Amino acid sequence: MNTSERSDGSIYRFVSGNRYAFDAAVDTLDGHHTSYCWGCGPDAREGLELQPYLDGIEVAAELTFAPRFEGGPGTVHGGAIAAFMDDLLGYVPVVYGSPGVTAKLDTHFRNPVPLGVAVNGRAWLSEVDGRKMWAEGTIEADGVVLVEASALFLAIDASHWQKVFESLSEEQRERNLTYRSGDYYP
């Protein structure tokens, strides 16, 4: 088990807490993802409606999970929590300047995430090795760590999505015409 003391004295149990220093490649997260992304897209019906923002070189977001995300009584389904973390952590490579795809996501549930309570997510870059980027993050409520997560991302370029786009149906292509690769890749 990996433990690391944070500046506020609390202990991470499942992530290193390491922060990789770099200059942010973007000034804002607006427009850096598709409008139909289930996690953060404004046009995604029944999505999470996550609205991540920059806080220095960290990515942050507040969210109150809607009742449709219930798992156990009064608590958020683990899949919705993992989606929150995947989306939040996924913005970290964008801030670094190398958008990537998720290769591995580890989500550790330390405490139940309650429905109807505002939670705060934070994510940061912890390591870089060539095309590989590791991000870590937490979800907290009232100062209590509820979830810790880490992810490995592989840097990609616009040609990756061009290949995907070419395989889409006409309806899917039409829907994604508002998304231009130049908006996502700095």
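Some notes on this structure:
- Cα centroid separation, the range 42-72 to the range 75-90 (Å): 9
- Stretch gain in nm, segment Glu49-Asp142, where the contour uses 0.36 nm per residue and the Cα spacing is subtracted: 31.4 nm
- Net lengthening on full extension, Glu62/Asp157 (0.36 nm per residue, minus Cα-Cα): 31.3 nm
- Signed unit charges on C-beta, dipole axis of the range 88-160, positive-most listed residue Ala103, Pro93, Ser150: Ala103
- Its Cα centre serving as origin, the range 4-180 has a Cβ charge dipole (Lys and Arg +1, Asp and Glu -1) of approximately 360 debye.
- When restricted to Cα atoms, the range 4-180 yields an Rg and a Dmax of 16.4, 54 Å, respectively.
Only the coordinates and a few stated rules stand behind these numbers; no lab work does. Since the structure is predicted, the reported quantities are computational estimates derived from the model, not experimental observations. Every residue, glycine as well, gets a Cβ built from its backbone with ideal geometry; the counts of neighbours run over all protein chains shown.
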